[in-house]
1. Return, for the Cα atoms of segment 117-181, the radius of gyration and Dmax in Å, separated by a comma.
2. What FRET efficiency would be calculated for the residue pair residue 163, residue 574, taking the C-beta separation as r and a Förster radius of 51 Å, to the nearest 0.05?
3. Return the whole-Å distance between the Cα centroid of segment 1-60 and the Cα centroid of segment 603-660.
4. Would you kindly calculate the translational diffusion coefficient of segment 638-726, applying Stokes-Einstein with the Kirkwood radius from alpha carbon pairs, for 4 °C and a viscosity of 1.567 mPa s, and quote it in µm² s⁻¹ without decimals?
5. Nearest 10 degrees, 0 to 90: what angle lies between the long axis of helix 522-533 and the longest principal axis of the chain (Cα atoms)?
6. Would you please give the FRET efficiency between residue 22 and residue 399, computed as 1/(1 + (r/R0)^6) with r the Cβ-Cβ distance and R0 = 60 Å, to the nearest 0.05?
7. Counting each pair of different Cα atoms once, what's the Kirkwood radius of segment 436-491 in Å, rounded to one decimal?
8. Calculate, for residue 133 and residue 75, the FRET efficiency according to 1/(1 + (r/R0)^6) with r their C-beta to C-beta distance and R0 35 Å; round to the nearest 0.05.
Ligand code: ADP
Ligand code: ZN
């Protein structure tokens, strides 16, 4: 093995990677006192001073006498080898510039400010005597971020002003200067605090995970257990084992809304609150978390996918909870799948991965089947809870007035539960009042002006909303197409409309609607969830968000309003998604001592997916799914990449796509095939037309080098955006 230089004495050339959009590190001379690999440094770039990381030996393609010296080494924990290699490999895999990867890893604000000199700034009470553009910009930034405090550098960078502008505002009393709070370590967590007494099954599963931790070597385990079987209790034992070894643990959750409940649970288990990392965490807290993760003062981090890029000092375990969840795939900016990246990161630092789910992704199931991952199953629910009984309601045989969706059979079942003092959940995976608004005079369907999507009526907000771009508009009085007044009518149900029907059908019931857009804040939502869990509602009407993780002990009936919804369309993952979603939703019923029941309203009870859900033979379902994917040569049995080209004019996007197809030589030589161009799954978003090419190859082909060569060969005009999506979610 080649030995890598790790220390650069003063004036010796070395390469520094910055977060500037350049495709590689730049050469500089080491500062007085030298610098080491991974050090955060301040370097000149043009007229500016920017922060970078010492990345390796100089590339040497620039004459030494023209290199500029590094200004100084910053007082921040250096980036470890494993994280640097992780960033390089994930940049390589996702075809992302390394600088963009570094940006993910250094999101902590104020990085590199010397702690001793750190002062922070808040809005003051006084108005400055004289306003300048620069001063206005600073005050605007401060107001935009409400009560947050910033360091001088953060503020200067964000407002694009010099330090003297900030000093001037302090003198005038328009800003207040104070000492930054010292970054405190998180409370010590006690792995030996008494946990719950595990059942024999749970103990056996925990032992497998703990043995893995003890081995000190990389390995991934799929922890498959039906909802309520105690997966969380089991992987908390792995966290404890990891802490006993003095290593750090990371728990990834698919949704921020689940963190606070989880933190409370973790605190109860280990006697202290761990670090938290997601977009809802304040800048100050993020700064603290970043630093403590690097120094080892944070033993456990609970967070969203971006927590994978934190500078752990010694990461020993990554848990990916609800590993099948599609929100682990980042769909904007750097496109990566956190589940796969967790496995990569762990393999680079001899850590263990636990993928936990009641309904694993087909990828993980196949990897376990092939022996790449080990697998542990929990097959019974904790305590007296048993899995709900599953039943189809054949909608062809139900007598339903038009514009109603709750069948007589389901209605009777809900009434029985109400009489017993139990809760029912009516599940419909559609936000808003009605998915379509149609003109009864001309047949026009109201659509978003910027996207290839219909506008969805949200009666609660009294507006139409585009679920692609978020644009809203008032409900028009006249048809936007034919101009006739008073003829616009809702078609089909959303949860709000379903709630309306429920109010009429169950006049005595207390009805609660759980849909993400009905709550102003995560906190309001959490309070509502607690209220419902304590029995504050008889009927819960909810979208996808109720399928995840929340515990409603009184809930014994789940009615799925439209079980066929996900099966339409041509997406090869539709069956997997529907299967997972239906099982997850059904799993909400009967989580405590009362037996639960799930009823699926369907027009095609004989459909293989519906059939598999009902009979509950999961292994058979996965095996059949795997066979179909294998026959189609798609992931996880083949490799695939999506190339999305977007432009204000559709023709420009198609032209570039056509050009790429004509110059596909490098791909063909590598044994890959290009399909398309075709309109992307969503063909227009925010006014940009989107065209997609799909690249497919056998599993043995490494696509990335071929893709790089291929895409490097065409010129992309400024108005066109091209992004590469390795392992796309839909195909
Ligand atoms: P899962 O993550 O598989 O859905 P959880 O770990 O959340 O399951 O467990 C479901 C419920 O059962 C939780 O309220 C949990 O506290 C409880 N539970 C599970 N195992 C035990 C145990 N061994 N002792 C006490 N309570 C348990
Ligand atoms: Zn839109």
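1. Answer for segment 117-181, Rg first and Dmax second: 10.4, 31 Å.
2. 0.35
3. A separation of 44 Å, based on Cα centres.
4. 100
5. For 522-533 against the chain, the angle is about 30 degrees.
6. After rounding to 0.05, the efficiency reads 0.35.
7. Evaluated on segment 436-491, it is 11.2 Å.
8. Computed FRET efficiency for residue 133 and residue 75 comes out at 0.60.
Since every read-out is calculated from the coordinates, none of them should be taken as a lab result. Just so we're clear, the structure is a prediction, and the values are computed from it rather than from any experiment. Note: ideal-geometry Cβ built from the backbone for every residue, glycine included; neighbour counts use all protein chains shown.
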